[in-house]
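The values are calculated or read from the model by the stated rules, or taken from the named source; none is laboratory data. Because the structure is predicted, anything quoted here is derived from the model rather than measured. Note: ideal-geometry Cβ built from the backbone for every residue, glycine included; neighbour counts use all protein chains shown.
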Amino acid sequence: MYYTFNYAKGVLLLFIYRIALRDIERKVREMAKKIASEKLDEEDGSIVIDADEEQATIDDLPGVGPATAEKLREAGFEELLAIAVMSPNELAEQAELGEAVSSKIIQGAKKMANIGGFVSGNKLLERRKEVQKLTSGSAALDELLGGGFETQAIVEVYGEFGSGKTQIGHQLAVNTILPSEQGGFDGEIFYIDTEDTFRPERIAQMAEAVGLDSSVVLDRIHVARAYNSAHQMLLVDEIKKLSKNIDVKLIIVDSLTSHFRAEYVGRGMLATRQQKLNRHLKELKQLSDVHNALVLVTNQVMSKPDAMWGDPTKAIGGHIVGHASTFRLYLRKSKGGRRIARLVDSPNLPEGEAVFTVTAEGLRD
Ligand code: GTP
Ligand code: MG
C-alpha cells in the first residue's frame, strides 16, 4: 500500500514537472521569436517584411469559420490586405457572402492586416546603396539598364517565342556565380522552370566561355520544375525556407505566366488569376528585398487583335505584372540573329534600346 502510494506520488510529480518544463520551453521559444522580429525592425527600418514572421491569416478574422474562410479563398482572397481594401457589397458579391458579414470581415481585416509604415527617405537611400548590378555579357544591354541587372528588383523580360528570354535567364544564372570584379554576385541561384526549357548543357557551355568550372556552376544553380501554378507558388515558399542556408542572389521564374494563362481561362477567371499572380509577385519581391537579390521573370506576349498600327504585341498578365516589375524589357528578333531589347518601364532610367546577340558562348554585343 505504502509503495503504491509512493509510486503514484512519483508519477504525479513527474507529470507536474513535465508540464512546467513544456511551459518554460514555450516561453523561451516565444521570447526568441520576439527578439528576432524586433532585431529585423531595427536593422531595416521595417521596409522589409520578415519572411518568417508569423502573420495573421484570414482564418484569424473574427467571425470567420472554416466554411467562410473556404469561400474567401475560393474567391481568391488569401490575404488580409486584399480584403481590407474591398467595399462590403463587392466582397459580398465576389465571395458569395451576406453584406453584413462582409462588412464585419472587412472591419476585422483592416485592424489585422499589415498595412506597412513610413520610413524616411534617408533610410531608403541607405538601402539603395546596397544595390548590386549583374552583367549580362552584353555591354550594350548592361548600359541600357544603367550598369546591369539590379538587385532588390523584379525584372520582367517579355517577347515572342525564340526572342531570347530563356537565354538571358541561363546567362544571368552563370554570371551570378562570377566574382564581383567580373560583374557577378558570387552567389547562388534558384531557377523555377515551368516550361521544361532549363538546359544544364547550355549552362555548362556558357560557364566554360567565361572561364568558370561548369560543375561548380551547376552545383550552385538549384532548379525545380513547376507542374502547375499552385506548385509554382509553393516553390517560392520552398525558396524562403532554403535561402536560410543558401546565399541566394538570383531567382528566375521562366515563365511567370504560362501556367496561369493555361489554367485561368476566360473573363470569369481573370480576377482570380490576377490576384494570384499579384500575390506570387509580392512574395518574389519580398525575397529580393530580404536577400538583396535579383528576380528575373519571363513573360510571353499575346497577339492584340486591334493592333493594326503600332506594336502588335502585349505582355500577358497586364497591369499586375507590369506594375509589380521594377524594370520591363521587351525583346524582339532582328536581322542576322540579333536581338533588340527595349527598356519599357523603369523608375529611374530613360526608355531606350540595346542590340545584342545570342552566340554559342552566350549573350554578347
Ligand atoms: P519561348 O520560351 O519559346 O517563348 O522563347 P524564348 O524567348 O525563351 O527563346 P530562347 O531564349 O529559348 O531563345 C532561343 C533562341 O536562342 C534560338 O532560336 C537561337 O537563336 C538562340 N540560341 C539558343 N541556343 C543557342 C546556341 O547554343 N547558340 C546560338 N548561336 N544560338 C542559340
Ligand atoms: Mg523560353
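Taking the stretch 53-70, which residues are assigned to a helix (DSSP H, G or I) and either without any contact (Cβ under 8 Å) to a residue 24 or more places away in the chain or more than 27 Å from residue 286 (Cα to Cα) (or both)? Correct list: 59, 66, 67, 68, 69, 70.
Please identify the pairs in which a residue from the stretch 141-159 that is without any contact (Cβ under 8 Å) to a residue 60 or more places away in the chain has its Cβ atom under 9 Å from the Cβ atom of a residue that is assigned to a strand (DSSP E or B), counting only partners at least 6 apart or on another chain. Taking only residues 6 or more apart or on different chains, the pairs are 142/133; 142/134; 142/149; 142/354; 147/133; 148/133; 148/134.
Restricting the first member to the stretch 87-115 and to residues that are basic (Lys, Arg), and the second to residues that are part of a helix (DSSP H, G or I), the beta-carbon pairs closer than 8 Å and six or more apart or on different chains are 110/84. Scanning the stretch 287-303 for residues that are touching a residue at least 24 places away in the same chain (Cβ under 8 Å) and within 14 Å of ligand 1 (Cβ to nearest atom) yields 296, 297, 298, 299, 300, 301.
Filtered by the rule that a residue be within 16 Å of ligand 1 (Cβ to nearest atom) and under 15 Å from residue 230 (Cβ atoms), the stretch 253-286 gives 253, 256, 257, 258, 259, 260, 261, 262. Would you be able to say whether some residue in the stretch 114-137 is within 16 Å of ligand 1 (Cβ to nearest atom), at pLDDT 90 or above and either in the same structural domain as residue 270 (by TED's automatic domain parsing) or over 30 Å from residue 336 (Cα atoms) (or both)? Checked the stretch 114-137: at least one residue is within 16 Å of ligand 1 (Cβ to nearest atom), at pLDDT 90 or above and either in the same structural domain as residue 270 (by TED's automatic domain parsing) or over 30 Å from residue 336 (Cα atoms) (or both).
Does any residue of the stretch 161-176 turn out to be assigned by TED's automatic domain parsing to the domain that holds residue 278 and surrounded by fewer than 16 Cβ atoms within 10 Å (Cβ to Cβ)? The answer is yes, given that some residue of the stretch 161-176 is assigned by TED's automatic domain parsing to the domain that holds residue 278 and surrounded by fewer than 16 Cβ atoms within 10 Å (Cβ to Cβ).
Quick grid of which residues meet (1) without any contact (Cβ under 8 Å) to a residue 40 or more places away in the chain; (2) closer than 24 Å to residue 301 by Cα; (3) out of contact with any Leu (no Cβ under 9 Å at 6 or more places or on another chain); (4) of a type in the set (D, E, K, R):
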{"residue": "175", "(1), (2), (3), (4)": "no, no, no, no"}
{"residue": "179", "(1), (2), (3), (4)": "yes, no, yes, no"}
{"residue": "188", "(1), (2), (3), (4)": "no, no, no, yes"}
{"residue": "206", "(1), (2), (3), (4)": "no, no, no, no"}
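Looking across the stretch 185-214, the residues that are away from ligand 1 (no atom under 12 Å from the Cβ), of a type in the set (D, E, K, R) and over 16 Å from residue 364 (Cβ atoms) come down to 186, 188, 213.
Could you tell me whether the stretch 207-221 includes any residue that is out of contact with any Pro (no Cβ under 9 Å at 6 or more places or on another chain) and within 16 Å of ligand 2 (Cβ to nearest atom)? The answer is no; no qualifying residue exists. Condition first: β-branched (Val, Ile, Thr) and within 16 Å of ligand 2 (Cβ to nearest atom). Can you find one or more residues in the stretch 239-255 that meet it? Yes; the residues of the stretch 239-255 include at least one that is β-branched (Val, Ile, Thr) and within 16 Å of ligand 2 (Cβ to nearest atom).
Residue by residue, here is whether (1) more than 16 Å from ligand 1 (Cβ to nearest atom); (2) in the same structural domain as residue 300 (by TED's automatic domain parsing); (3) within 25 Å of the chain's Cα centre (by Cα) holds:
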{"position": "82", "(1), (2), (3)": "yes, no, yes"}
{"position": "96", "(1), (2), (3)": "yes, no, no"}
{"position": "105", "(1), (2), (3)": "yes, no, no"}
{"position": "148", "(1), (2), (3)": "yes, yes, yes"}
{"position": "154", "(1), (2), (3)": "yes, yes, yes"}
{"position": "183", "(1), (2), (3)": "yes, yes, yes"}
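Number of residues in the stretch 73-89 that are closer than 19 Å to residue 115 by Cβ and not in a helix (DSSP H, G or I): the value is 6. Checking each residue in the stretch 318-338 for being at pLDDT below 90 and closer than 21 Å to residue 274 by Cβ picks out 318, 319, 320, 321, 322, 323, 324, 325, 326. The helices (runs of 4 or more DSSP H) found wholly in the stretch 109-198 and carrying at least 3 residues that are within 16 Å of ligand 2 (Cβ to nearest atom) and more than 30 Å from residue 55 (Cβ to Cβ) occupy 165-177.
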